[in-house]
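> Structure in structure tokens, see below.
The values are calculated or read from the model by the stated rules, or taken from the named source; none is laboratory data. Quantities reported herein were computed from a predicted structural model and do not represent experimental measurements. Note that each Cβ is placed from the backbone with ideal geometry, even for glycine, and that neighbours are counted across all protein chains shown.
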Amino acid sequence: MSTKENHHEIRLNQTVLVSMALLLGIGVGELIHLAVEKDVQWVTENNQKQLIEGLIGVSDVFMRLVKMIIAPLVFATLVAGVGKMDKEQNVGRIGGKAMLWFISASIVSLGIGMLLVNYFQPGQILQMDIPATESKHHVVEHVPTLRNFIAHSVPKSIIDAMAQNEIIQIVIFSLYFGVACKNLGEMASPIIRVMESLVHIMLKITAYVMQLAPLAVFCAVATIVAQQGLGVITTYSYFMGEFYLGLSVLWIILCAFGAIVLKPNQVVRLVKIIREPIIVAFGTASSEAAYPKLVQQLERFGCQEKIIGFVLPLGYSFNLDGSMMYMTFAVLFIAQVYGIEMGVDQQIAMMLVLLVTSKGVAGVPKASLVVISATLSAFNIPEAGVLLLLGIDQFLDMGRSATNVLGNSLATAVVNKWELKAENKGKMPN
């Protein structure tokens, strides 16, 4: 068997293991939950707490290992990508194409969420009175305004930004650093070579860390189900079913737009290649967890390193398709629960607000809930409505994280194809 076939078999086995871990985690979590509910002698509430703490500990270790990779990998890939651009204007051209896709995809995502929640009216099932006083919803109180977003995008210290895994701040610094390297020419070429070496080193570390992915997915899913049981899914099944239907529609539309640039069979091939990062993102409810592996899989697909290194980090800051669809879905769902009518003009204004405030939230725990909370306040909808989502947010986060991975993969592949066409056109004789 060839080395290539061996690698393919290893990747296939890893995908199967992650999928099995996901299902096994649901089963084991429900068994623990039922054992406590039925007062099984050997599983006391204290034992359940210890089991859950152990499961959380394992998944936390995996997430820490992933997070230690993110900052150096984003920095190295972006600097190497910008530094290897053939011409300085290519940076602006590729960035412009990427932002065109990001903004278009964002509007589509927000629009789908708004249309579906208006059509299905999921909030009608849980009709509630507007609370007299707002309940504390345990979400960090921070109102994401345009001013705050712009100020927060610029790092005060790159060391602090890397320590906190502030993706957008790392992206800003890396762009400046990469452009400076490009302008210095030969003087900076050793730095570019070091960055290229660092990328490969971090990808090798990624391969080691991803061996733990099945265990991490098992522990993460088992923890959620053990704490809340599958009943939480049943209670909100209507809302969750519509949300996942919305994600399915979004996947189809994004893939259809991708097929306009790429060939349809190439879109199918891309989805197959990135299935493991998608499953990891779904199982851990974190698109960050899938980032290192996604870099490798996009290289397998045939994307240029400089495109991956430039577009993918930008996508993780500006192209969160699943998260944005969830935000419109959630805000209008809460408004419906409290019987608050929102006109078309208000809903369009809400979309524009979310288009700005949703940027740069990747890697921030419960960031979607923070943005939702701020949006509710801006439109005089009770912020206590966030409490309705806390119980199922983890299950919803799984779907939106997987969608974020798909959206950024398509964005990278599309921009890569656009650039290949531009380069080939530039090489044609006059």
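Residues are listed down the side, and each one gets a yes or a no for (1) over 16 Å from Ile372 (Cα atoms); (2) over 25 Å from the mean Cα position of the chain (by Cα); (3) modelled with pLDDT of 60 or more:
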| residue | (1), (2), (3) |
| --- | --- |
| Pro131 | yes, yes, yes |
| Pro144 | no, no, no |
| Pro155 | yes, no, yes |
| Glu166 | yes, no, yes |
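> A follow-up question, please. List, please: which pairs have Cβ atoms under 8 Å, are six or more places apart or on different chains, and start with a residue in the range 225-244 that is closer than 19 Å to Val117 by Cα and end with one that is surrounded by fewer than 18 Cβ atoms within 10 Å (Cβ to Cβ) and modelled with pLDDT of 70 or more?
Listed by first residue and then by second, the contacts come to Tyr238/Ile125; Phe239/Ile125.
> Across the range 35-68, what is the total count of residues that are buried (at least 22 other Cβ atoms within 10 Å of the Cβ), β-branched (Val, Ile, Thr) and at pLDDT 80 or above?
0
> Conditions: (1) closer than 23 Å to Gln266 by Cα; (2) β-branched (Val, Ile, Thr); (3) within 12 Å of the chain's Cα centre (by Cα). Val311 meets all but one. Number of the miss?
Exception for Val311: condition (3).
> While we're on this one: Would a scan of the range 253-274 turn up a residue that is over 12 Å from the mean Cα position of the chain (by Cα), part of a helix (DSSP H, G or I) and under 26 Å from Val179 (Cα atoms)?
Within the range 253-274 (the criterion being over 12 Å from the mean Cα position of the chain (by Cα), part of a helix (DSSP H, G or I) and under 26 Å from Val179 (Cα atoms)), the answer is no, since none of the residues qualifies.
> Out of everything in the range 372-422 that is under 29 Å from Leu312 (Cβ atoms) and touching a Pro at 6+ places or on another chain (Cβ under 7 Å), what residue ends up being surrounded by the most Cβ atoms within 10 Å (Cβ to Cβ)?
Only one residue fits best here, namely Val405.
> Being closer than 18 Å to Leu312 by Cβ and either among the aromatic types (Phe, Trp, Tyr) or surrounded by fewer than 19 Cβ atoms within 10 Å (Cβ to Cβ) (or both) is true for just one of Leu184, Leu212, Leu198. Which residue is that?
Leu198
Conditions (1) surrounded by 13 or more Cβ atoms within 10 Å (Cβ to Cβ); (2) under 19 Å from the mean Cα position of the chain (by Cα); (3) aromatic (Phe, Trp, Tyr), marked per residue:
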| residue | (1), (2), (3) |
| --- | --- |
| Ile191 | yes, no, no |
| Ala216 | yes, yes, no |
| Val221 | yes, yes, no |
| Ala226 | yes, no, no |
| Phe239 | yes, no, yes |
| Leu247 | yes, yes, no |
